[in-house]
Amino acid sequence: MPKDLQFSVRYDAAQDRMKLMAAFPDATEVRAWMTRRLVKNLLGMSGRVAEKMVPQQVVTPEAKKEVAQFQREAAVQQANFRKGFQGGTPYPELGEELRLITEIRINPKESGGMHMKLSLDNGKFVAWQIPSQTYWGLLHLIERQSHRAEWDLVAAPAPAPEPEKRLRGEREPAKDKPKPN
């Protein structure tokens, strides 16, 4: 039985998914699948989440990114990745079967840490508070497994969208073709 919140993340090549297991101090465990799309979205929003965790005294965007990166690196260095995962009994409403995560919501709290909510394919959800150091450790595990899966999700940050039209999914008119009258 874990004394602290613990996570295990493993890539399953046969499923081409990641298996996420979360063990809670109350001796319960959540077991769920994460798809490539979900992991890509989670990693993509981690920078915005990190910047929200930076104290408000830091005002410039560049400084916020630097402080966020420092906080993340410090948390990962302090994490104990060698400790074996100590599972628990399946979360009562979910059972032993692995559920597919359909959505993850992460909200940084002013008091520190995060509120995480996993929506599952059976219409249920699991939510908990997670310390910021544990959150960064979890993201580190997910990044390592996405690299192992050869998903190429963390190798390079996504480029910023160019024009506003691209954000709405519209195409820009071709420059070589004449515009209709």
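Kindly indicate whether residue 129 is assigned to a helix (DSSP H, G or I) and either surrounded by 13 or more Cβ atoms within 10 Å (Cβ to Cβ) or in contact (Cβ under 8 Å) with a residue 60 or more places away in the chain (or both).
So residue 129 fails the test.
Please go through the range 110-147 and give me each residue that is among the basic types (Lys, Arg) and within 16 Å of the chain's Cα centre (by Cα), ordered by number.
Result: 117, 144.
Kindly indicate which of 20, 42, 100 is of a type in the set (A, V, I, L, M) and farther than 17 Å from residue 137 by Cα.
Going through 20, 42, 100 in turn, just one is of a type in the set (A, V, I, L, M) and farther than 17 Å from residue 137 by Cα: 100.
Since residue 136 meets every condition but one in (1) surrounded by 12 or more Cβ atoms within 10 Å (Cβ to Cβ); (2) more than 26 Å from residue 71 (Cα to Cα); (3) at pLDDT 50 or above; (4) not β-branched (Val, Ile, Thr), which condition does it not meet?
(2)
Only one of 63, 74 is in contact with a Phe, Trp or Tyr (Cβ under 9 Å, 6 or more places away or on another chain), farther than 21 Å from residue 28 by Cα and of a type in the set (A, V, I, L, M, F, W, C); which?
Of 63, 74, the one residue that is in contact with a Phe, Trp or Tyr (Cβ under 9 Å, 6 or more places away or on another chain), farther than 21 Å from residue 28 by Cα and of a type in the set (A, V, I, L, M, F, W, C) is 74.
Quick one: is residue 54 modelled with pLDDT of 75 or more and under 18 Å from residue 107 (Cβ atoms)?
no
Looking only at the range 75-95, how many residues end up being aliphatic (A, V, I, L, M) and either at pLDDT 75 or above or assigned to a strand (DSSP E or B) (or both)?
Count: 1.
The conditions are (1) touching a strand residue (DSSP E or B) at 6+ places or on another chain (Cβ under 8 Å); (2) touching a residue at least 24 places away in the same chain (Cβ under 8 Å); (3) surrounded by fewer than 19 Cβ atoms within 10 Å (Cβ to Cβ), and residue 121 fails exactly one of them. Which is it?
Tallying (1) touching a strand residue (DSSP E or B) at 6+ places or on another chain (Cβ under 8 Å); (2) touching a residue at least 24 places away in the same chain (Cβ under 8 Å); (3) surrounded by fewer than 19 Cβ atoms within 10 Å (Cβ to Cβ), residue 121 fails exactly one: (2).
Residues of the range 96-126 being within 17 Å of residue 35 (Cβ to Cβ) and not in a strand (DSSP E or B), which ones?
Hits for the range 96-126 are 97, 98, 121, 122.
How many residues, within the range 7-28, are surrounded by 15 or more Cβ atoms within 10 Å (Cβ to Cβ) and under 23 Å from residue 76 (Cα atoms)?
11
The values are calculated or read from the model by the stated rules, or taken from the named source; none is laboratory data. Quantities reported herein were computed from a predicted structural model and do not represent experimental measurements. Note that each Cβ is placed from the backbone with ideal geometry, even for glycine, and that neighbours are counted across all protein chains shown.
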